[in-house]
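The values are calculated or read from the model by the stated rules, or taken from the named source; none is laboratory data. Keep in mind the model is a prediction, meaning the values are calculated, not measured. Every residue, glycine as well, gets a Cβ built from its backbone with ideal geometry; the counts of neighbours run over all protein chains shown. In case anyone asks, the SASA skips ligands and DNA or RNA and just uses the protein heavy atoms, side chains included. Shrake-Rupley method; radii C 1.70, N 1.55, O 1.52, S 1.80 Å.
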4 protein chains.
Amino acid sequence: MYNLLKGKRGIIFGALDNKSIAWKVAERAHEEGAIFTLSNTMAAIRFGQIDELGEKCGAEVIAADATSVKDIEHVFERSIEVLGGKIDFVLHSIGMSLNVRKKRLYNDLDYNFLNKTLDISAISFHKVLQVAHKKDALNKWGSVIALSYIAAQRTLYGYNDMADAKSLLESIARSFGYIYGRESKIRINTISQSPTPTTAGSGVKGIDGLMDYSERMSPLGNATADECADYCIVMFSDLTKKVTMQNLFHDGGFSSMGMSLRAMDMYNKSLENDEINEIE
Amino acid sequence: MYNLLKGKRGIIFGALDNKSIAWKVAERAHEEGAIFTLSNTMAAIRFGQIDELGEKCGAEVIAADATSVKDIEHVFERSIEVLGGKIDFVLHSIGMSLNVRKKRLYNDLDYNFLNKTLDISAISFHKVLQVAHKKDALNKWGSVIALSYIAAQRTLYGYNDMADAKSLLESIARSFGYIYGRESKIRINTISQSPTPTTAGSGVKGIDGLMDYSERMSPLGNATADECADYCIVMFSDLTKKVTMQNLFHDGGFSSMGMSLRAMDMYNKSLENDEINEIE
Amino acid sequence: MYNLLKGKRGIIFGALDNKSIAWKVAERAHEEGAIFTLSNTMAAIRFGQIDELGEKCGAEVIAADATSVKDIEHVFERSIEVLGGKIDFVLHSIGMSLNVRKKRLYNDLDYNFLNKTLDISAISFHKVLQVAHKKDALNKWGSVIALSYIAAQRTLYGYNDMADAKSLLESIARSFGYIYGRESKIRINTISQSPTPTTAGSGVKGIDGLMDYSERMSPLGNATADECADYCIVMFSDLTKKVTMQNLFHDGGFSSMGMSLRAMDMYNKSLENDEINEIE
Amino acid sequence: MYNLLKGKRGIIFGALDNKSIAWKVAERAHEEGAIFTLSNTMAAIRFGQIDELGEKCGAEVIAADATSVKDIEHVFERSIEVLGGKIDFVLHSIGMSLNVRKKRLYNDLDYNFLNKTLDISAISFHKVLQVAHKKDALNKWGSVIALSYIAAQRTLYGYNDMADAKSLLESIARSFGYIYGRESKIRINTISQSPTPTTAGSGVKGIDGLMDYSERMSPLGNATADECADYCIVMFSDLTKKVTMQNLFHDGGFSSMGMSLRAMDMYNKSLENDEINEIE
């Protein structure tokens, strides 16, 4: 719509289906004139509809396990080859916890699962950056974004070891942002997004209540996947060149709220019902 | 109980009655071996029971308007005189908003009231520090605390211009903490306390619901005035000499919570009731 | 260049001359298709070159004292009239400290000057918002930005009471952001900009050393006024609709740095020279 | 000196020699009336002087690899046995990076080393807490502290993957603090300490310059290991019962500083020398 990414080349990790934030980012990047490749695991490619997205955007889909340095190397090599030059932007939208899936509580973590959570959801980001850096695969003033969540700062019951993974992810963005910034003017940020009804997140217990609460707490309401895609576009564009090592809240104001009237009204209804029950 | 403040001299601003945090701090400071004076406005002295506290603790009560530099000068002069030496600790527990009292909403502030809110609740802290500094009234390694609230970081509906006053207060603690630290090793901190059922706060609309929510969100529950007094004692003691320019959350964990199970359960009850009503 | 603000109407407060950030924002907003008015004090209009900017951008210049509710009312009324409709974006780039100008140290503040600092640099922002809100002068999904500085979070010697003013400013952005967000989907943010060599800031003592330090600490170097203007544009555009109540660091990474190699190298040279001197 | 820990039982992980913070904490805990055990790896026990400390404090030394759940289980079982009851306080002062030791830069990390860094420096804390929780080994209102560093929030060149480990550590403190708080009123905090000249840290490249800079930036100077021990004592005492899930800066004010006059003076000397050299 604005040609904000005209002439830019990118890699987008983590699109699964049309509910994915990464999917929306791909669609918007395409509209804004970028060319890019898409990457996800072999399983996700089979399970999801990423090929359809690839066709729509003229983007090659490259299977890769983001915990494998070798696979990531292939993604960069192949991307540079098919896109015809070095990369300008990268989206990392990858996260998974076996502890959550297998319903292991945070005080009963399986440590092999924890290692996997950290490897998939956070260390993979370091691997992407280290591979890019070693291969000198990013253009000067390039932009890298990883998606995060406020659980990195504040504990939400049920979010489990993903909270720790997001903290680690955000730290990696800062640590590598320093090095990649001073050397190649690459900026690295995380976007801390509202809870978003994706296929990956839909299984989380109690997600509906939390999303209602989040919606009512946020003055502007929860940010949607489409809106997140818009925000990613501006962070990839040339208009945000000096923003780096930041965790950017894209959440309708949730992170700066202590209590809203709308959420409190809903909460108070229960209090009143409780009191009525006690009287009865 | 521990003689943590043995031999120390202090000034405690803002005790009104036995619900006041400042009142509890005075009682605990007395127990821990400190001697001190008490100060509040003439009106508060008449309206409250501060004379009773003074007798109990052997503390002189000094009337002062904390927005008046002259009055504050008198408090320090008189305190040094009756306590027999320079001051080791100061508590600032002062806050008031006419906009809140007169039910002016935040989008309909009276700017004269706002100036008063800031002067009473925040600038008074600068005046206390500047007077102390000019008079060289504090001993090396002295400790100064002002009481704050999380509204300084996150918006809570109804807290109004007091949120802005607390932000200003916390900034003054940092700004003056730098100067007073480098010159005289004085430390200056704010304690961000759970909502506390004091006489001053009892009139705030919707305070009951908010306190219930805060209680259920905080893993340890809301911190009481007594517990806050304990925390002030350790911050006045010689065991915390290198903590300065900090805003210290004393809130049972509230500030680090995104959502607790207990609060969510209460919230969800309303959601369910709402849905039932819609079905009916 | 991208038509990001096509069809949008704005008000830009605080342009003085072509070094001003507000000046650059006006130029960029013009390029991006916006129409707007410019406002500054009568004195600034005479002293600066704002009329030249107005001609260049086809923008009417409206004299106003931003501490006067009446003057601000006039700015909004006149802007809506000449622009032909409600306002979509507002920039607040206003700050001044008489304590700094008159070389009053932070431990020797003149409290009348402090009141003026807060009124001009922070409360004026509340007045702008309150006037806009009462007049229903902003379009739904409008965007308001005020310029801030990291002194709001961390003490920098010499920044004096402007640090406190910026803390207050950022708090007002949050407090009003909640109300304006829930009611009209207006977003309100502050941008925390690198130290920038403007005419207003050029008199600050020790600014050169600080800017060198800031430059070497920031992986991407200090952000320029031009780059800040770009960032304001994206924050005014429709691509950042769900970002609100945030303080957005636009500083080349400075805020997330503890120590960079480049700054440490410079620092260490002095250390070594000192040691040599001691040996000699 | 104050009997603050009279009757309390503790476990202190990580004392090596008399420069260790954990060593100082043990000495102070002993003075304050606590009984406790000491734990470190077999190698550290041989290499260091922990047996000497054990004798001095009447504390049994228990060898354990803190990455081994089994070893940690043994530490708790044995501690409860020799101390005669459940545990009231735990100190976690454990950290190590093979990437730092082997001089692997952050953009050339060995991922096996990274896994070890995270396991030893952060996940070990989760293991300690999970074991304690499963064994119901902590008394109600117990207190757990882990030592951290500001690198968790802000990047310092050379601190490498330890920055990421500290971020993870602080996240674990919050995540487990929620669960352990709501269930057993246990509080869990991290103390973010000034750079401290310990044997473990002495090998870090450029540590002298950094410590000088940190000293001059901090209004109160760097916090010493002795002072950190005092702070740990108050955090273990009954006077801080409602402080949880916090990262507590114990750093002489460093974390709240943007630039001090003392550090800037030193920095500027180099600038001037540089300019002189350029002129010459």
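Could you tally the net charge around A:C228, taking each other residue with its Cβ under 9 Å from the Cβ of A:C228, Lys/Arg +1 and Asp/Glu -1? Intermediate values should be presented prior to the final figure.
Working: positive: A:K24, C:K242; negative: A:D226, A:E227, A:D230.
That works out to -1.
Put a label point 7 Å from Cα along the Cβ direction on D:H74, then list its distances to the equivalent points in the other copies in nm, shortest first.
4.4, 7.1, 8.3
Where a Cα-Cα gap under 17 Å defines reach, which lysines qualify for D:K242, not counting those fewer than 8 residues away within the same chain?
Those lysines meeting the cut-off are B:K24, D:K140, D:K185.
Ignoring everything except DSSP H segments at least 4 long, calculate the 222 nm mean residue ellipticity for the protein assembly as shown; use -39,500 (n - 2.57) per segment, divide by total residues, nearest 500. It would help to have the intermediate numbers written out before the result.
Values: 44 runs with 516 residues, N = 1120.
Calculated mean residue ellipticity at 222 nm is -14000 deg cm²/dmol.
For segment A:68-112, state which trypsin sites (Lys or Arg not before Pro) are in a DSSP loop and have at most 11 other beta carbons lying within 10 Å of their beta carbon. Please report the intermediate quantities before stating the final value.
Working: sites: A:K70, A:R78, A:K86, A:R101, A:K102, A:K103, A:R104; in loops: A:K86, A:K102, A:K103, A:R104.
Sparse-neighbourhood loop trypsin sites (Lys or Arg not before Pro): A:K102, A:K103.
Using the Cα atoms of segment D:9-279, I'd like the radius of gyration and the largest Cα-Cα distance, Dmax, both in angstrom.
Cα-based Rg and Dmax for segment D:9-279 come out at 19.3, 73 Å.
Tell me, what is the 1.4 Å probe accessible area of D:V69, in Å² to the nearest 10?
D:V69 has an accessible surface of roughly 50 Å² with all protein chains in place.
Would you mind getting the accessible area per residue of the protein assembly as shown, heavy atoms of the protein chains only, 1.4 Å probe, in Å²?
Numbers: 39230 Å² over 1120 residues.
Here the residues of the protein assembly as shown average 35 Å² of exposed surface.
What aspartates and glutamates could a cross-link reach from D:K102, if we take a straight Cα to Cα line under 14 Å and drop same-chain neighbours fewer than 8 places away?
Cα-Cα hits under 14 Å: D:D110, D:D161.
Kirkwood hydrodynamic radius, segment C:10-51, all distinct C-alpha pairs: what's the number in Å? All intermediate terms of the calculation are to be shown ahead of the outcome.
Working: mean 1/r = 0.0980 Å⁻¹.
Averaging 1/r across every pair of different Cα atoms and inverting gives 10.2 Å.
Mind giving me the nanometre distance, one decimal, between the label points for D:W141 and A:D51, set 7 Å out from Cα along Cα→Cβ?
Between D:W141 and A:D51, the label points sit 6.5 nm apart.
When each copy gets a label point 7 Å from Cα toward the beta-carbon at A:E52, what are the spacings between them in nm, shortest first?
5.8, 7.1, 7.3
Where the label is 7 Å out from Cα toward Cβ, how close does C:W141 come to the same position in every other copy, in nm, shortest first?
Output for C:W141: 2.9, 5.6, 6.1 nm, nearest copy listed first.
I'd like the accessible area for C:D136, computed on protein heavy atoms only with a 1.4 Å probe and all protein chains in place. Round to 10 Å², please.
Approximately 90 Å² of C:D136 is accessible to the 1.4 Å probe.
How many angstrom lie between the C-alpha centres of segment D:108-161 and segment C:1-72?
52 Å
In nanometres, what is the gap between the two model label sites at B:N18 and C:D265, each 7 Å from Cα along Cα-to-Cβ?
6.8 nm
Sorted by accessible area (1.4 Å probe), largest first, how do D:F47, C:F89 line up? Intermediate values should be presented prior to the final figure.
Numbers: D:F47 150, C:F89 0 Å².
The residues order as D:F47, C:F89, largest area first.
Summarise the long-distance tail of P(r) for the protein assembly as shown by giving the % of C-alpha pairs beyond 39 Å.
Values: 291233 of 626640 pairs.
Percentage above 39 Å: 46.
Over the protein assembly as shown, with every protein chain in place, what whole percent of the accessible area is carbon and sulfur at 1.4 Å, could you tell me? It would help to have the intermediate numbers written out before the result.
On the way: 19190 of 39230 Å².
Of the solvent-accessible surface of the protein assembly as shown, carbon and sulfur hold 49 percent.
Residues with beta-carbon under 11 Å from that of C:R182, excluding C:R182: net charge, scoring Lys, Arg +1 and Asp, Glu -1? Before the final figure, lay out each step's value.
Values: positive: A:R216, A:R262, C:K185; negative: C:E183.
It works out to a net charge of +2.
Give me the orientation-averaged projected area of the Cα convex hull of segment C:1-103, in nm², one decimal.
Details: hull surface 26.7 nm².
With the hull built on Cα positions only, its mean projection is 6.7 nm².
For segment D:207-235, which residues drop by 30 square angstrom or more in accessible area between the chain on its own and all protein chains together (1.4 Å probe)?
Flagged in segment D:207-235: D:G209, D:Y213, D:P219, D:L220, D:E227, D:D230, D:Y231, D:V234.
List the residue from chain A whose beta-carbon is nearest to the axis that rotates chain A onto chain B, together with that distance in whole Å.
Per the Cβ-to-axis criterion, the result reads A:S270, 2.
Considering protein heavy atoms only and a 1.4 Å probe radius, which residues within segment C:94-139 exhibit an accessible-area decrease of no less than 50 Å² in the full assembly relative to the chain by itself?
By number: C:Y106, C:N107, C:Y111, C:I123, C:H126, C:Q130.
What net charge is computed for the residues neighbouring B:I21, neighbours being all others with C-beta under 14 Å from the C-beta of B:I21, Lys and Arg scored +1, Asp and Glu -1? Write out the running numbers ahead of the final one.
Details: positive: B:K19, B:K24, B:R28, D:K242; negative: B:D17, B:E27, B:D226, B:E227, B:D230, B:D251.
Computed value for this residue: -2.
Which order do you get for C:K19, A:K6, C:K269, D:K8 if you rank them by accessible area with a 1.4 Å probe, largest at the top?
So the residues, ranked largest to smallest area, are A:K6, C:K19, C:K269, D:K8.
Would you rank B:D164, D:D212, A:D226, C:D208 by solvent-accessible area, highest first, keeping every protein chain in place and using a 1.4 Å probe? Don't skip to the end; give the middle numbers.
Values: B:D164 5, D:D212 35, A:D226 80, C:D208 120 Å².
Heavy-atom accessible area, descending, gives C:D208, A:D226, D:D212, B:D164.
Just the number, please: buried accessible area between C and A, total of both chains, 1.4 angstrom probe, nearest 100 square angstrom. Numbers along the way, then the final one.
On the way: alone 14120 and 14120 Å², together 24730 Å².
Result for this pair: about 3500 Å² buried.
Determine how large the accessible area of B:Y180 is when every protein chain is in place; take a 1.4 Å probe and give Å² rounded to the nearest 10.
The accessible area of B:Y180 comes to roughly 0 Å².
How big is segment C:80-209 on each of its three principal axes, counting only the C-alpha atoms and giving the largest first in Å?
44, 28, 28
Which lysines have a Cα lying under 18 Å from the Cα of C:K166, excluding residues fewer than 8 positions away in the same chain?
B:K166, C:K116, C:K127
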